[in-house]
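Structure first, commentary second.
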Amino acid sequence: MELVATREAGLAKLREFVPRAGRAYAAERNLDRGLDDRTNVSGLSPWVRHRLVTERDIVESVLQRHSLDAASKFVQEVYWRTYWKGWLELRPSVWARYAASVEPAFAGLTAAELTNFEAAVTGTTGIDGFDAWATELVATGYLHNHARMWFASIWIFTLRLPWQLGADFFMRHLLDGDPASNTLSWRWVGGLQTVGKTYLATPQNIESATGGRFRPRGLATHAIALDEDSPAPAPIAAPQQGPIPGGRIALLLHEDDASVESLAPLLETSGAQVVAVAAPRSAESRSILSASSGLSGQRVDSSAEALPTSSLVASFTGGALADGLSRAGNHFAAEASALDGFDASDVLPWLRSHNVTALVTPYAPVGPVRDRLDRLSVDLAAEGITLSRVLRTWDSHAWPHAARGFFSFRERIPALVREQQLEGSRG
Ligand SMILES: Cc1cc2nc3c(=O)[nH]c(=O)nc-3n(C[C@H](O)[C@H](O)[C@H](O)COP(=O)(O)OP(=O)(O)OC[C@H]3O[C@@H](n4cnc5c(N)ncnc54)[C@H](O)[C@@H]3O)c2cc1C
């Protein structure tokens, strides 16, 4: 069943899940019971990916029903997302290095590896479980967290395929495909993220966590950490909110944040008046191989079916942008336009038609949207137009603490929750 990419549908899913976000989630979240029973997890990731529903919406609703103690596991999982985003924000070169490595990894596959790759992405390896997860991912755009871990581990250590190609396969098909959570989780499984520590999928764990549905044979019994040319760099400073222009502005929403109306209070403090809103299309750029124009020749022909971004992803992302645009247009009583892309040739005519020289956009974390906004910013500056980014306090408060491992970040969660004033409204 296709999911509805609107804030309203996401909030309905959140309301339905909240009663199960306490101790029941902590006890059962690791079980992958299959497609017919996902009640032990929230399934909210596609909506939060686009901030149709924000992390704040989720934690606030959960803490109206449960104490932080009872819901600590679920709240921590939501903060894992924030942590991965912060970690990558402080080390943008890790994304750049990944993005630059995907095409060479594909081009460098030997004939035998290409055969393995095609079997992996079409779910025809013969490995119990793995084939079902590949098929489920392509058919639904979702996998349980443990299925993602097992899949990545088998991809890297049993099929011995480059991790970057598995990460890109996920980005082509996951409705929640996210540059930080996905790239860094694949790195974590392969032993690059926590240096030397790998994740090994075992038949016993798969069998017990899937209620006996799968028991693969022939899996790797050792997971020796991958290595890379240079280790992750030292963290840079976390981003800070720059000045927001006052007066007439245009607002650009994008797939990383489709709830610009909740930025209104921040805009009001600078006296900004939103006269136009727009959203550029962008889902194709999420996967490096899908966005690539440099792949050509027989190699691609033979794998062509596996490479485009899935129609489910394109449709969910398109729906999220359409919903965000319509809500923003109504909220600001401004004309709402869909743009073909992020290039200055897409954006400038729209700005000129509204006679605006200040463009504001929600802050896009490290990833493809950010790369495009950075290029747009340079091109607009040459035309005398400023691009300003609005950073949510959720991110600006949390990201500075993501310089080290998750366990030190986790200690900060109660303080972060207090700063956001999310607790205490339990009735
Ligand atoms: C190899 C691999 C790749 C992954 N790729 C992505 C990705 O592209 N996008 C993505 O959103 N998540 C990714 N995850 C993390 C996690 O699997 C999903 O966020 C989670 O399964 C989403 O399902 P849910 O909404 O039912 O989660 P729930 O268990 O209900 O958790 C609630 C929310 O917390 C966040 N969350 C939960 N677990 C994690 C986690 N381990 N890391 C980060 N955030 C988490 C999500 O926003 C999720 O919606 C990946 C994990 C692995 C191991």
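Sort out which residues of segment 48-59 are more than 8 Å from the ligand (Cβ to nearest atom), crowded, with 22+ Cβ neighbours inside 10 Å and not in a loop (DSSP other than H, G, I, E, B), and write them in order of number.
Looking only at segment 48-59, we keep the residues that are more than 8 Å from the ligand (Cβ to nearest atom), and these are 50-54, 56-57, 59.
Still in the running and crowded, with 22+ Cβ neighbours inside 10 Å: 50-53, 59.
Of everything in segment 48-59, just one residue is more than 8 Å from the ligand (Cβ to nearest atom), crowded, with 22+ Cβ neighbours inside 10 Å and not in a loop (DSSP other than H, G, I, E, B), namely 59.
Given the options 97, 81, name the one that is in contact with a Ser or Thr (Cβ under 9 Å, 6 or more places away or on another chain), assigned to a helix (DSSP H, G or I), more than 27 Å from residue 419 (Cβ to Cβ) and among the basic types (Lys, Arg). I'd like the intermediate steps shown before the answer.
On the way: 81 fails: more than 27 Å from residue 419 (Cβ to Cβ).
Within the list 97, 81, the selection yields 97.
Can you spot a residue in segment 85-105 that is within 12 Å of the ligand (Cβ to nearest atom) and at positive phi? Working first, answer last.
Here is the first cut: in segment 85-105, the ones within 12 Å of the ligand (Cβ to nearest atom) are 85-88.
Of the ones still in play, those that are also at positive phi are none.
Within segment 85-105, not a single residue is within 12 Å of the ligand (Cβ to nearest atom) and at positive phi.
Scan segment 388-423 for residues that are in contact (Cβ under 8 Å) with a residue 60 or more places away in the chain and outside any helix (DSSP H, G or I) and report the count.
The total comes to 10.
Specify which of the listed residues (331, 354) is under 22 Å from residue 48 (Cα atoms), open to solvent by 10 Å² or more (accessible area, probe 1.4 Å) and modelled with pLDDT of 95 or more.
Answer to the selection: 331.
Do any helices (runs of 4 or more DSSP H) entirely within segment 143-212 hold 1 or more residues that are near the ligand (Cβ under 8 Å from one of its atoms), and if so, which?
Details: elements: 145-153, 163-173, 179-190, 203-209.
Helices (runs of 4 or more DSSP H) meeting the threshold: 145-153, 163-173, 179-190.
Kindly provide the set of residues from segment 60-81 that are of a type outside the set (Lys, Arg) and more than 10 Å from the ligand (Cβ to nearest atom), ordered by number.
Within segment 60-81, the first condition is being of a type outside the set (Lys, Arg), and the residues that meet it are 60-64, 66-72, 74-80.
Within segment 60-81, 60, 61, 63, 64, 66, 67, 68, 69, 70, 71, 72 qualify.
Kindly indicate whether residue 69 is open to solvent by 50 Å² or more (accessible area, probe 1.4 Å), without any contact (Cβ under 8 Å) to a residue 24 or more places away in the chain and either farther than 19 Å from residue 418 by Cβ or aliphatic (A, V, I, L, M) (or both). I'd like the intermediate steps shown before the answer.
Working: open to solvent by 50 Å² or more (accessible area, probe 1.4 Å): yes; without any contact (Cβ under 8 Å) to a residue 24 or more places away in the chain: yes; either farther than 19 Å from residue 418 by Cβ or aliphatic (A, V, I, L, M) (or both): no.
The answer is no for residue 69.
For residue 376, indicate whether it is touching a strand residue (DSSP E or B) at 6+ places or on another chain (Cβ under 9 Å), open to solvent by 10 Å² or more (accessible area, probe 1.4 Å) and either over 30 Å from residue 65 (Cβ atoms) or not assigned by TED's automatic domain parsing to the domain that holds residue 267 (or both). Walk me through it before giving the result.
Numbers: touching a strand residue (DSSP E or B) at 6+ places or on another chain (Cβ under 9 Å): yes; open to solvent by 10 Å² or more (accessible area, probe 1.4 Å): no; either over 30 Å from residue 65 (Cβ atoms) or not assigned by TED's automatic domain parsing to the domain that holds residue 267 (or both): yes.
Against the criterion (touching a strand residue (DSSP E or B) at 6+ places or on another chain (Cβ under 9 Å), open to solvent by 10 Å² or more (accessible area, probe 1.4 Å) and either over 30 Å from residue 65 (Cβ atoms) or not assigned by TED's automatic domain parsing to the domain that holds residue 267 (or both)), residue 376 does not qualify.
If I ask for residues that are within 11 Å of the ligand (Cβ to nearest atom), open to solvent by less than 30 Å² (accessible area, probe 1.4 Å) and assigned to a loop (DSSP other than H, G, I, E, B), which ones from segment 10-47 would you list?
Passing the criteria: 21, 32, 40, 41, 42, 43, 44.
Restricting to segment 100-126, give me the number of residues that are open to solvent by 30 Å² or more (accessible area, probe 1.4 Å) and either assigned to a loop (DSSP other than H, G, I, E, B) or in the same structural domain as residue 291 (by TED's automatic domain parsing) (or both).
Total meeting the criteria: 6.
With the structure loaded, tell me whether residue 7 is open to solvent by 10 Å² or more (accessible area, probe 1.4 Å) and either over 22 Å from the mean Cα position of the chain (by Cα) or within 14 Å of the ligand (Cβ to nearest atom) (or both) or whether it fails that test. If you could, list the steps in order and put the result at the bottom.
Working: open to solvent by 10 Å² or more (accessible area, probe 1.4 Å): yes; either over 22 Å from the mean Cα position of the chain (by Cα) or within 14 Å of the ligand (Cβ to nearest atom) (or both): no.
It is false that residue 7 is open to solvent by 10 Å² or more (accessible area, probe 1.4 Å) and either over 22 Å from the mean Cα position of the chain (by Cα) or within 14 Å of the ligand (Cβ to nearest atom) (or both).
Any chance you could count how many residues in segment 205-233 are without any contact (Cβ under 8 Å) to a residue 24 or more places away in the chain and closer than 30 Å to residue 363 by Cα?
1
Let's see how each residue does on (1) in the same structural domain as residue 163 (by TED's automatic domain parsing); (2) under 30 Å from residue 191 (Cβ atoms); (3) of a type in the set (Phe, Trp, Tyr); (4) buried (at least 19 other Cβ atoms within 10 Å of the Cβ):
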{"residue": "222", "(1), (2), (3), (4)": "no, yes, no, no"}
{"residue": "230", "(1), (2), (3), (4)": "no, yes, no, no"}
{"residue": "234", "(1), (2), (3), (4)": "no, yes, no, no"}
{"residue": "241", "(1), (2), (3), (4)": "no, no, no, no"}
{"residue": "251", "(1), (2), (3), (4)": "no, no, no, yes"}
{"residue": "260", "(1), (2), (3), (4)": "no, no, no, yes"}
{"residue": "268", "(1), (2), (3), (4)": "no, no, no, no"}
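So which residues in segment 157-194 are of a type in the set (D, E, K, R) and within 17 Å of the chain's Cα centre (by Cα)?
168, 172, 176, 178, 187
Of the numbered conditions (1) touching a Pro at 6+ places or on another chain (Cβ under 8 Å); (2) crowded, with 19+ Cβ neighbours inside 10 Å; (3) acidic (Asp, Glu), residue 136 satisfies every one except a single condition; which is it?
(1)
State all residues of segment 97-149 that are closer than 16 Å to residue 165 by Cβ, in contact with an Asp or Glu (Cβ under 7 Å, 6 or more places away or on another chain) and hydrophobic (A, V, I, L, M, F, W, C); if no residue qualifies, say none.
Across segment 97-149, the qualifying residue is only 102.
Give the number of residues within segment 257-293 that are in a helix (DSSP H, G or I) and among the hydrophobic types (A, V, I, L, M, F, W, C). If you could, list the steps in order and put the result at the bottom.
Initially, segment 257-293 is screened for residues in a helix (DSSP H, G or I), giving 260-269, 283-285, 288-291.
Keeping just the survivors that are among the hydrophobic types (A, V, I, L, M, F, W, C) gives 260, 263-264, 266-267, 283, 288-289, 291.
Looking only at that region, the number is 9.
The values are calculated or read from the model by the stated rules, or taken from the named source; none is laboratory data. Since we're looking at a predicted model, the values are computed, not measured. For neighbour counting, all protein chains shown are included, and Cβ atoms are generated from backbone atoms with ideal geometry for every residue, glycine included. For accessibility, only protein heavy atoms count, side chains too; no ligands or nucleic acids. Shrake-Rupley method; radii C 1.70, N 1.55, O 1.52, S 1.80 Å.
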